[in-house]
Amino acid sequence: MNDSIKVSGFKPLYQFFVKAKSRKQSFFLTFGDSQGQEVLDYRLGRVDYKPAKMKKPGLEDVSLTFVPAGPVEFEAVIEPGDSLRIEFYYEGFVNYFIAEVGFVAPTDDGMSFSAKLPESIFAKQRRDMERLDVVEGGDISMHINDNPVRLLNISGGGAAVLIPLANRDDLEIGKAIRNIRLSVDDLEAPLSAEVRHLRMHEDGDFLIVGLRFIFFGYNHEDQLLHLVHKRSLA
C-alpha cells in the first residue's frame, strides 16, 4: 500500500505548521546508518511568511526554522541543499515530509536549519499488528543504553515495557528514547522509540511505558512483523 497524503496545498500546509509551532510538536530526524543511529528531536522555532508582491502565495514564501529541542551530544552534519526526511506522530498516524535545507546556523544546543514548506505531508499506512506477550527470560529482549529492560509485549510497531519509577523524569509523552537494541530470534535491531503513554504498574515501583518504534534499519520493520506473526501461530 502506498502512503496517503495527509496535508497538501499552500493554506492547509501553512496553517498546519503554525499550529505545530504553538503546540510544540516534536519532529524526529535520524543520522547515521542502522548500526549507529542517532535521533534528534526538533521543534519549530519560527514560521515566517513573506509573500511576494503581485503574486499568488506559494510554498517558497514560507520559511520554517527548526531548532533542537535540547542539547545535542554529537555533531549532526546538516548542510544547505540536503533533503531530510522528517517524521512526527500526529492524530494516531506516523507522518512525514521531505524538507530541503536552506540556511544552517549553530545554536547553544546544536544546529538549527531552515526549510520551505514541503509539497505534502504524508501519513504512513496503518497495518493491523499482532501483539505478542513476552515471557521473562525468553529469547526476546530489549536493552536501552546497554541496560536490560523488561518487555511485556511487542508488535511490529511498538512495545509495552516496565521502567523503574525512579526514571520518571527522563520520560515524556511524545519524546524519543534513543540507543535501544531489540533482539528477536536472529533479528538484532538498533532503533529508537517514541513514548506514547505512561501508567503506573500495580506494584508502584514501575511504570508501564508504551513505545512506538521509529527509525529502523533497512527492512527491520518487515522482519519484526514476520517474526511476531510466526510466533503468534506457534
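A short reminder: the numbers here are calculations on the coordinates, not readings from a lab. Because the structure is a prediction, the values reported are computed rather than measured. Cβ coordinates were reconstructed from backbone atoms using ideal geometry, including for glycine residues, and neighbour counts include every protein chain displayed.
Odds and ends about this structure:
- Between helix 10-22 and the chain: long-axis angle, C-alpha atoms, 0 to 90°, nearest 10: 60
- Simple point charges give the picture: +1 on the Cβ of Lys and Arg, -1 on the Cβ of Asp and Glu, and for the chain a dipole about the Cα centre of about 1460 debye.
- The charge dipole of the range 4-123, taken about its Cα centre with unit charges on the Cβ atoms of Lys, Arg (+1), Asp and Glu (-1) only, comes to about 980 debye.
- The distance between label points at residue 4 and residue 165 comes to 4.1 nm (points 7 Å beyond Cα on the Cα→Cβ vector).
- Over all pairs of different C-alpha atoms, the chain has a mean inverse distance whose reciprocal, the Kirkwood radius, equals 19.2 Å.
- Computed over the chain, the per-residue total of -39500 (n - 2.57) for DSSP H runs of n ≥ 4 gives a 222 nm mean residue ellipticity of -3500 deg cm²/dmol, rounded to 500.
- Annotation: lysines with alpha-carbon distance below 25 angstrom to residue 53 (same-chain offsets under eight excluded): 11, 116.
- Counting only Cβ charges, +1 for Lys and Arg and -1 for Asp and Glu, the dipole size of the range 194-233 around its Cα centre is about 180 debye.
- The packing ranking, built from the mean of other Cβ atoms within 10 Å per residue, places the peptides 223-233, 94-104 in the order 94-104, 223-233, highest first.
- Cross-link pairs 55/175; 6/56; 55/124 - those with Cα-Cα distance over 32 Å: 55/175; 55/124
- Sites residue 83 and residue 60, calculated FRET efficiency, Cβ-Cβ separation with R0 22 Å, nearest 0.05: 0.90
- Among 174, 29, 5 - extreme Cα towards positive end, dipole of the chain, charges at beta-carbon: 5
- Relative to the longest principal axis of the Cα atoms of the chain, the long axis of helix 220-233 makes an angle of roughly 30 degrees.
- Using alpha carbons only, the radius of gyration of the range 132-233 set against its Kirkwood radius gives Rg/Rh = 0.94.
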